[in-house]
Amino acid sequence: MYESMDELEAAVRRRLYRVRDLAEDMAAVRGRETAPDGSITAEVDGNGALLNLEFSEGISRMSPDEFERTLTATAASAARSAFARRAALVTAFNEEVAE
């Protein structure tokens with residue numbers, strides 16, 4: 001497999017750096033979605049934690065129930081987007097490590 005200790009050490013070092021890169025990439029993941037009517041924009045991190053909300057004047061025409069549904073749907077969509085990005089990063093990492 002490895003002909004020398006130097007080769008083994010270099011391979012381990014490459015994987016360590018790749019794991020660090022993955023951790024940095026995962027920490028940078030964000031999901032940002034805007035409601036179809038443009039009234040609410042939500043931004044989440046890679047864990048789905050809400051980072052930012054932006055509201056347009058459109059929310060003033062919503063009932064409390066409409067506001068709640070729109071906010072929840074928009075934030076959930078942003079989280080799905082962030083989770084999809086994280087999944088893509090992990091899949092790429094796993095494929096690279098398997099080679």
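Things worth noting here:
- Residues that are surrounded by 14 or more Cβ atoms within 10 Å (Cβ to Cβ), over 20 Å from Thr41 (Cβ atoms) and polar (S, T, N, Q) within segment 63-99 are absent altogether.
- Of all residues in segment 1-32, those satisfying the criterion of being hydroxyl-bearing (Ser, Thr, Tyr) and at pLDDT 85 or above are Ser4, Tyr17.
- Positions within segment 9-25 being within 18 Å of Thr91 (Cα to Cα) and among the aliphatic types (A, V, I, L, M), in sequence order: Leu16, Val19, Leu22, Ala23
- Single unsatisfied condition, Phe55 versus (1) farther than 29 Å from Ala88 by Cα; (2) in contact with a helix residue (DSSP H, G or I) (Cβ under 8 Å, 6 or more places away or on another chain); (3) not charged (D, E, K, R): (2)
- The set of residues in segment 16-47 that are of a type in the set (Ser, Thr, Tyr) and crowded, with 18+ Cβ neighbours inside 10 Å contains only Ser39.
- Restricting attention to segment 85-99, the residues that are in a helix (DSSP H, G or I) and without any contact (Cβ under 8 Å) to a residue 12 or more places away in the chain add up to 7.
The values are calculated or read from the model by the stated rules, or taken from the named source; none is laboratory data. Quick caveat, the model's predicted, so the values are computed rather than measured. Because the Cβ atoms are built from the backbone with ideal geometry, glycine has one as well, and the counts that use them run over all protein chains shown.
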